[in-house]
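Colleague: Okay, here's the structure, questions in a sec.
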Amino acid sequence: MASDDTKISADSTQNTSAVTPFNRDNDTAAGEGNARDAGTPLNAQGKPLTDAQQEQLAKLKARDAEVRQHEAAHMAASGGLAGSPSYTYQRGPDGGQYAIGGEVSISMSPGSTPAETISRARKIRASALAPAEPSGQDRSVAAAANAMEAQARAEQAKQSAGYGKDGRQQGGAQGGSGTRIDTYA
């Protein structure tokens with residue numbers, strides 16, 4: 001594979017996981033505190049949100065949950081090949097930050113043997129397709145993992161047939177230059 005790291009991501013049209021943003025000022029989830037008691041979320045200035053802002057906030061919270069769940073699925077299935085997720089955030093009407101996109105880097109480097117490469121390719125494919133709704137990028141990474149596995153299987157078959165990495169037959173006769181035994185009677 002030409003690249004050692006590939007991104008598995010949730011774009012703004014892809015669903016994933018949720019965590020309520022934390023407000024350091026009052027140790028409560030952003031926009032909750034007094035609003036929870038009153039039943040209406042508050043904006044960053046402490047005023048109640050309008051109906052349109054409440055609808056926007058509900059959508060942002062749902063998207064945040066979907067994004068985080070999507071990236072967590074990649075991480076859980078990666079077998080240690082993935083890095084930490086990174087997120088793209090949008091500030092909500094309550095002042096909180098909500099994830100609207102995310103990505104996880106995953107190592108696409110081959111193993112030291114064909115068998116190890118096959119194992120890594122399977123983990124990469126599983127990680128890429130782990131979310132309930134894989135994105136286009138996720139499917140692209142899975143296809144690259146399939147190609148990586150196929151190449152490793154071909155290499156493994158060559159080695160089993162007695163061919164080295166350079167494609168030359170190992171041991172015994174080389175290529176078409178067989179051994180000739182002449183007998184005289």
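The values are calculated or read from the model by the stated rules, or taken from the named source; none is laboratory data. Please read these numbers as outputs of a predicted model, since none were measured by experiment. Virtual Cβ from ideal backbone geometry, glycine too; neighbours counted across all protein chains shown.
Colleague: Which pairs turn up if I take residues in region 86-102 that are without any contact (Cβ under 8 Å) to a residue 12 or more places away in the chain and look for partners that are of a type outside the set (Val, Ile, Thr) and surrounded by fewer than 19 Cβ atoms within 10 Å (Cβ to Cβ) with beta carbon separation below 9 Å, at least 6 apart in sequence or on another chain?
Modeller: These pairs meet every condition: 89/97; 91/44; 91/97.
Per-residue answers, yes or no, for (1) within 30 Å of residue 111 (Cβ to Cβ); (2) modelled with pLDDT under 50; (3) buried (at least 17 other Cβ atoms within 10 Å of the Cβ):
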site	(1), (2), (3)
25	no, yes, no
30	no, yes, yes
33	no, yes, yes
37	no, yes, no
49	no, no, yes
61	no, no, yes
66	no, no, yes
73	yes, no, yes
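Colleague: Separate question: Looking only at region 52-85, which residues are more than 14 Å from residue 132 (Cβ to Cβ) and in contact with a Gly (Cβ under 6 Å, 6 or more places away or on another chain)? Let's see the steps before the verdict.
Modeller: Just the residues of region 52-85 that are more than 14 Å from residue 132 (Cβ to Cβ), to begin with: 52-64, 75, 78-85.
Correct list: 57, 60, 85.
Colleague: Look through 100, 124, 106 and report the one residue that is closer than 30 Å to residue 52 by Cα and among the β-branched types (Val, Ile, Thr). Reasoning before the result, please.
Modeller: On the way: 124 fails: closer than 30 Å to residue 52 by Cα; 106 fails: closer than 30 Å to residue 52 by Cα.
Result of the check over 100, 124, 106: 100.
Colleague: Which of the residues belonging to region 89-120 are of a type in the set (A, V, I, L, M, F, W, C) and over 13 Å from the mean Cα position of the chain (by Cα)? Walk me through it before giving the result.
Modeller: Of the residues in region 89-120, the ones of a type in the set (A, V, I, L, M, F, W, C) are 99-100, 104, 106, 108, 115, 118.
99, 100, 115, 118, listed by residue number.
Colleague: With the condition kept exactly as written, say whether any residue in region 108-123 is among the β-branched types (Val, Ile, Thr) and assigned to a helix (DSSP H, G or I). Let's see the steps before the verdict.
Modeller: Going residue by residue through region 108-123, those that are among the β-branched types (Val, Ile, Thr) are 113, 117-118.
Cutting the leftovers down to assigned to a helix (DSSP H, G or I) gives us 117-118.
Looking for residues that are among the β-branched types (Val, Ile, Thr) and assigned to a helix (DSSP H, G or I), one finds at least one in region 108-123, hence yes.
Colleague: Being in contact with a strand residue (DSSP E or B) (Cβ under 9 Å, 6 or more places away or on another chain) and acidic (Asp, Glu) is the filter here; which residues of region 95-118 pass it? Break it down into steps so the answer makes sense when it comes.
Modeller: Taking region 95-118 first, the residues in contact with a strand residue (DSSP E or B) (Cβ under 9 Å, 6 or more places away or on another chain) are 95-109.
Correct list: 103 only.
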